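Report on one structure; see the data block that follows.
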């Protein structure tokens, strides 16, 4: 009896095929782009906080820079810079994603919802309540008039 060796090439082809399908999905590429742009944006905001805003705040205490603010070994100045960095990034994300995209979605999306049809209607012959789409009344077995037809008059 001869033992068949495993098909390593076929398994590797299948693995790479599955990996390509996963890695090159539109969502995955969009996520990668968002992470890269987010990192670059965070770097710019950190630079604004460290090089512009916090030096202006440091004018309050002219003898030391904000990085030297501390209580014992607790570095309050660096924490404040990081907190301010976080708040600015959060504000920018809120404005761009929540407000601007929300406004665009409202403008692009459907402006009015289509009115829903009623669930029931009254039979013009026996006045019983029947489903709206019924074409024959289950009570009096009369055929329902077509949509837009002249109203039925009962003698």
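Ordering 125, 19 by the number of other Cβ atoms within 10 Å of each residue's own Cβ, fewest first, gives 19, 125. Once the C-beta distance of residue 34 and residue 78 is scaled by a Förster radius of 41 Å, the resulting FRET efficiency is 0.90 to the nearest 0.05. Computing Rg and Dmax of the Cα atoms in Å directly from the structure and comparing it against (i) 34.6, 101; (ii) 16.1, 49; (iii) 17.9, 56 singles out (i). Sequence-distant contacts, meaning Cα pairs under 8 Å at least 6 residues apart, place the relative contact order of the chain at 9 percent. Highest mean packing first, where packing is the average number of other Cβ atoms within 10 Å per residue, the peptides 118-124, 99-105 line up as 118-124, 99-105. From helices alone, the chain scores -14000 deg cm²/dmol at 222 nm; the rule is -39500 (n - 2.57) for each run of n ≥ 4 DSSP H residues, then divide by the residue total. With R₀ set to 25 Å, the beta-carbon distance separating residue 87 from residue 27 gives a calculated FRET efficiency near 0.25.
Where a number appears in this text, it was derived from the coordinates with a stated rule and is not lab data. Here the structure is a predicted model, which is why all the values come from computation and not from measurement. Positions of Cβ are generated from backbone atoms using ideal geometry, with glycine treated the same way; all protein chains shown enter the neighbour counts.
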